[in-house]
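Okay, structure first, notes after.
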Amino acid sequence: MSGIDDLPPLREVIRRHDLAARKSLGQNFLLDLNLTSKIARQAGDLTNCDVLEIGPGPGGLTRGLLASGARKVLAIEKDRRCLPALAEIAAAYPGRLQVIEGDALQVDPLAHLTPPIRIAANLPYNVGTELLVRWLTPDTWPPFWQNLTLMFQREVAERIVAQPGSKAYGRLAILAQWRCEARIAMSLPPEAFTPAPKVSSAVVHLTALPEPRFEADAGVLSRVVAAAFNQRRKMLRASLKGQAPDIEARLRAAGIAPTDRAEQVSLEGFCALAREIAKG
Ligand code: SAM
């Protein structure tokens, strides 16, 4: 017994199913079920929600989500060695856990989920940022999910919640904060994981806003922000030269000094600039 459910402790599960962690799959497991339950609770009341989990591994967070009352968990796992351990969890929570073996970057989970949907994951570091960017940039807003509760390396978490004027401020902060409420919900030391990674981690919580904070075309905003931060040390009149022939006038019309650098411009400023550039 493990404290949160009637299943065996994770160390035993890992030993029995021979789940030695593989670096190539970004495997750093959470074995403390009280901790995984605490992470699951960050996602809010799950009793009426389907939860999409990426990379369940031996199932620590999966069990936290199910014990917290999630209506259903859809878990996508690339490592087929984990499937027997996950099948045991599915048997303990009849009808509430569906596991898909596959690469989360390739699998479309939507056919298997019923709204409202939330996403929770201790993400494999190698695919975490790419998945986050996809979830933040759907074709239409609001997205298919209500909130995201995601583990990242501390440095990536800081980039998501960063404010202007800081080194961490960049494209990820703008993408996340334009249409979400984003905050760091928990910090975790390397020793919380097995094996311990080299760096600290943090759980980021993002709630989708019904509408963007400031009006802007998503494509134009994304292009302008990418160009501005790709050459973040340059003045905007230089880094954004290719975005419009009269970029200095457009910057001024958006209330931005052409001599400013990207990290000095607020989210509101970038949205104003995207609107100016979209005028054609
Ligand atoms: N959720 C588990 C936990 O908290 O202990 C495992 C987290 S571990 C950091 C990342 C998990 O993602 C591993 O189980 C790994 O096999 C899986 N994974 C890696 N790349 C993946 C991908 N492209 N699609 C789905 N799962 C992936």
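Assorted remarks:
- Percent of Cα pairs exceeding the 32 Å cut-off, where the set is the chain: 31
- Residues whose amide H falls under 5 Å from that of residue 73, counting only those 5 or more places apart or on a different chain, are 51, 97, 98, with hydrogens built in the peptide plane.
- Free of any trypsin sites (Lys or Arg not before Pro) that DSSP assigns to a loop and that have at most 12 other C-beta atoms within 10 Å, the longest stretch within the chain is 23-166.
- Projected label distance in nm at residue 233 and residue 130, using a 7 Å step from Cα toward the beta-carbon: 2.9
- Relative contact order for the chain, counting Cα pairs under 8 Å that sit 6 or more residues apart, in percent: 15
- When the Cα gyration tensor is reduced to axis lengths a ≥ b ≥ c, the ratio a/c is 1.5 or higher for region 196-264, and with a/b not above b/c it is classed as oblate.
- Proxy reagent accessibility, fewest Cβ within 10 Å first, across 99, 199: 199, 99
- Straightening the chain between residue 259 and residue 155 buys 34.6 nm, computed as 0.36 nm per residue apart minus the Cα-Cα spacing.
- Burial ordering of 235, 151, fewest other beta-carbon atoms within 10 Å first: 235, 151
- Residue order, fewest to most beta carbons within 10 Å, for 100, 247, 119: 100, 247, 119
- Prolate/oblate/rounded call for region 1-139, Cα gyration tensor, a/c under 1.5 rounded: oblate
- For residue 98 and residue 17, a Förster radius of 22 Å and the Cβ-Cβ distance give a FRET efficiency of 0.70, rounded to the nearest 0.05.
- For residue 71 and residue 183, the difference between the fully extended length at 0.36 nm per residue and the C-alpha to C-alpha distance is 37.8 nm.
- Kirkwood hydrodynamic radius of region 159-239, from inverse mean 1/r over distinct Cα pairs, in Å: 14.6
We did not get these values from a lab; they are worked out from the coordinates using the rules stated. Because the structure is predicted, anything quoted here is derived from the model rather than measured. Glycine gets a Cβ as well: all are built from the backbone with ideal geometry, and neighbour counts include every protein chain shown.
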